Every structure is written in C-alpha cells, then in structure tokens.
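Report on one structure; see the data block that follows.
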Amino acid sequence: MKLFYINNDGAGFADHVEVEDGITVAAFFTEKLPGRKADDFLIRVNRLPTPADQVLQPGDRISITPSKIEGASA
Amino acid sequence: MLPIPILLRLARRLEMLWAPKPDPPTRPERAWGSLRTQLTEAESLRWRIEQATARRLVCAAASLKQELSTLLKVMGRRIEEIRAHCDAPPPRAPDRCEWIRELRHLESEFGTVTVRWTDTVIRVVTEPIELKNVPLGPFAIEFNWSGGPSASGSRAFEVKALKPNRPAGRSDVTHPHVEDDILCAGEAKEALDQAIADGRLVDAFQLVHSVLTNYNPHSAYVSLNEWDGSHCAQCGRRIRSDDASSCEGCDSDLCDECRVRGTLRGVRRTPLRRLPRTLRRLPGTTLPRFARHDRAGTSGLFQLP
C-alpha cells in the first residue's frame with residue numbers, strides 16, 4: 001500500500017512510499033529510522049497524535065519530526 | 001480558533017503565494033547557454049580536424065580528435081541535465097483545502113494562532129521554556145509569509161521572548177540559539193527550508209519549537225553555564241554572579257583570579273576605556289592596555305616615551 005511520508009529529520013522530505021499492508025506505526029518508524037528512539041520524535045498520522053500499535057491504512061499521511069534538535073550560533 | 005472568514009482569507013493568500021511559478025522547459029538557462037557554446041566549439045574543432053587531415057598533419061589531427069571527444073562527453077552530460085529537468089514532475093503546492101487543514105493543525109499543536117495582516121505574520125506562543133534549570137520564559141514564534149516558498153527558514157521566522165531572561169551583558173540574546181530574535185536553527189536548517197518550500201507550516205513551526213526546547217552547549221551564543229554571570233572588568237572573561245567580586249576602587253566586577261592578583265600586588269586595575277578621556281590622550285605619553293590605579297581609584301602609571 002502507499003502512504004504519504006513526511007520525514008523532517010536531516011534534510012527533510014515528503015514523498016509517497018510503498019509499504020507492506022498492515023504495518024504499524026512502530027514498525028514503520030523502525031523501518032524508516034533504524035536505531036533511533038521514537039521518544040525523540042513527534043509522530044503524527046493524518047495530523048493527529050497516534051499510538052505506536054496503530055495500523056496504518058492506505059493513503060495515510062504520516063509525519064515524523066525530531067523533537068530534539070541542536071541549534072547553533074550564527 | 002481562527003474565525004472561518006480569517007482562516008479562508010489566510011488560506012487563499014498562502015495558496016496564491018505558494019502557487020508554482022510557470023517554469024518553461026527551456027530552463028535551466030545556464031545549461032542551454034553552455035550547450036550552445038560547446039556546440040559552436042565542437043563545430044570549430046571538426047573543421048580544424050578536417051583541415052589537419054587534408055594537410056596530413058597526423059599528430060595535430062589526433063590531438064584535435066581527443067579534444068573533440070572530451071568536449072562531446074561534456075555535452076552529453078549537459079544534455080542529460082536538460083533532459084532530467086524536462087522529465088521532472090511539476091512542483092506541487094498545497095491547495096486551499098490543504099492550507100486550511102494546515103492552519104487548523106497548527107492550532108491543535110500550539111493553541112492560539114494569531115494573524116497580523118499588516119506584518120504578514122502568523123504567530124504562536126510556546127509554553128515557558130527552561131533549559132538546564134535556566135528559565136527562559138515563553139517565546140512567540142512568528143512566521144512571515146511574505147517570502148513565500150523560497151524564503152530561508154531561519155529568516156522567515158522570528159523568535160521573540162515574551163518574558164525575556166537575558167544573559168548578563170547580552171541584551172540581544174534571549175536563548176542560547178537566538179540572537180536579535182533570529183533563531184540559528186543548526187541541524188534543523190535544511191528540514192526547515194524544505195518544510196517552508198513545501199508549504200508544511202506545522203512541520204516548520206514544530207522544528208523551530210524543537211530547537212528552542214533543546215540546548216547545544218558546543219554552539220551557543222551564550223553558554224547556559226554563564227547565563228547569570230557578568231564580565232570581569234580586568235580580563236573580560238564572563239563570570240557568574242555568585243563568583244564576582246567588586247573592585248574597591250571603581251566597583252567593577254572582577255573574577256576570582258584577577259581579584260587575587262590585585263590583592264597580592266596591592267593595586268587594582270581599571271580597563272583603559274574606564275579612564276577619563278583627558279587621561280587617555282595626554283600628549284607625549286603612551287598608555288598600557290590597562291592603566292593602574294590605587295585603591296582610591298587615582299590614575300597612576302604611564303609609560304613615557
């Protein structure tokens with residue numbers, strides 16, 4: 001199935017991605033950002049906060065935004 | 001919640017600004033220009049090769065053929081570049097419905113959203129922020145939409161402290177990563193630019209918020225360890241308010257090291273800028289960087305030429 005995936009980590013991008021049917025939010029996160037902690041990110045599905053075990057549906061919009069980003073000086 | 005007429009008006013305005021500009025397939029201009037120049041060059045080389053071959057100049061012909069081959073390779077790459085540009089899907093901007101969803105989502109994430117039409121600003125307010133036990137107060141995050149999708153992330157946003165707790169001696173800094181109300185987004189810079197370019201307003205605001213709620217000690221305008229400090233009048237080093245001592249002569253703050261040094265020598269020092277102008281410009285004298293003065297604060301040692 002196809003999802004609209006927005007990744008705000010690194011350079012940031014938004015695109016449609018193909019994933020297996022019945023994938024949960026947690027599994028999707030692990031697949032896309034291996035080795036990262038979900039606690040360090042704001043995850044929204046169709047613009048709403050979501051539980052980790054929620055099963056994604058075709059056409060869902062999932063956005064992952066890091067909540068711990070280091071700023072800089074100039 | 002934003003009233004519906006304002007929401008619609010704002011969505012319409014943003015939709016217009018983010019609408020992709022018609023981009024003719026003749027772009028990119030530079031690639032076309034350089035291809036034209038290279039084609040002329042290639043034709044000239046071909047003519048020279050023919051001339052060299054007719055005159056049986058074998059070495060010259062071989063060298064020219066080599067040159068032409070390299071040039072054709074470069075032209076091939078240029079053609080690929082132009083072809084890729086022609087094949088690229090047209091940029092897609094959010095439509096009005098998406099903008100409405102985006103604005104409603106912004107409200108659900110940050111609470112009240114304010115619109116200032118005259119300044120072309122969308123504003124949200126954060127919760128009070130505290131980093132490493134230093135309370136910095138709430139911040140207003142203001143997005144200026146006038147730059148449209150091409151605006152640089154850091155420049156499109158202003159971050160204003162509503163109850164500023166500024167570090168000692170820096171009235172322009174309100175957060176370790178904010179100077180003159182401009183956020184230095186650091187690691188978030190590219191994602192912020194991309195979010196603005198795509199019209200993902202909520203993501204952009206969340207990225208700014210994420211930077212505000214984190215601290216990078218390796219690249220801060222003012223380190224949080226020195227937030228409550230002041231500058232030593234002697235060596236210029238920033239000192240915490242608890243560690244500062246006062247000079248008996250001029251009431252300036254001194255760090256421990258300079259205070260001890262001063263006590264041992266029985267003198268206090270005052271930076272040159274603190275001396276009266278007349279003393280700084282005595283004819284025929286040169287002043288050391290710091291002029292000494294005694295405990296009573298009377299000016300003392302000058303270096304005579």
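B:Pro167 meets the conditions (1) at the interface with another protein chain (Cβ under 8 Å from one of its Cβ atoms); (2) buried (at least 22 other Cβ atoms within 10 Å of the Cβ); (3) in contact with a strand residue (DSSP E or B) (Cβ under 6 Å, 6 or more places away or on another chain) in every case but one. The failed one is (1). Selection of the range B:98-123 for residues being more than 14 Å from chain A (Cβ to nearest Cβ) and surrounded by 14 or more Cβ atoms within 10 Å (Cβ to Cβ) yields B:Val113, B:Val115, B:Thr120, B:Val121, B:Ile122, B:Arg123. Does B:Arg36 satisfy the condition of being closer than 30 Å to B:Glu15 by Cβ and open to solvent by 90 Å² or more (accessible area, probe 1.4 Å)? Here the answer is no, as B:Arg36 does not meet what is asked.
When the range B:1-35 is filtered for residues that are modelled with pLDDT of 90 or more and either basic (Lys, Arg) or part of a loop (DSSP other than H, G, I, E, B) (or both), the ones remaining, listed by number, are B:Pro3, B:Arg9, B:Arg12, B:Arg13. Residues that are polar (S, T, N, Q), open to solvent by 30 Å² or more (accessible area, probe 1.4 Å) and within 12 Å of chain B (Cβ to nearest Cβ) within the range A:33-66 comprise just one, A:Asn46. Restricting attention to the range B:180-203 and to residues that are more than 7 Å from chain A (Cβ to nearest Cβ) and out of contact with any Gly (no Cβ under 7 Å at 6 or more places or on another chain), the residue that is surrounded by the most Cβ atoms within 10 Å (Cβ to Cβ) turns out to be B:Val202. Checked against (1) open to solvent by 40 Å² or more (accessible area, probe 1.4 Å); (2) in contact (Cβ under 8 Å) with a residue 40 or more places away in the chain; (3) of a type in the set (Val, Ile, Thr), B:Ile82 meets all criteria but (1). Please work out which residue is farthest from A:Gly71 (Cα to Cα), limiting yourself to the range A:5-26 and to residues that are out of contact with any Leu (no Cβ under 9 Å at 6 or more places or on another chain), more than 11 Å from chain B (Cβ to nearest Cβ) and not in a loop (DSSP other than H, G, I, E, B). Filtering the range A:5-26 for residues that are out of contact with any Leu (no Cβ under 9 Å at 6 or more places or on another chain), more than 11 Å from chain B (Cβ to nearest Cβ) and not in a loop (DSSP other than H, G, I, E, B), the one farthest from A:Gly71 (Cα to Cα) comes out as A:Ala26.
The values are calculated or read from the model by the stated rules, or taken from the named source; none is laboratory data. Owing to the predicted nature of the structure, the values given are computational and were not obtained by experimental measurement. With ideal geometry, Cβ positions are generated from the backbone for all residues, glycine too; neighbour counts draw on all protein chains shown. Each accessible area value is taken on the protein alone, full model and side chains, heavy atoms only, with ligands, DNA and RNA left out. Shrake-Rupley method; radii C 1.70, N 1.55, O 1.52, S 1.80 Å.
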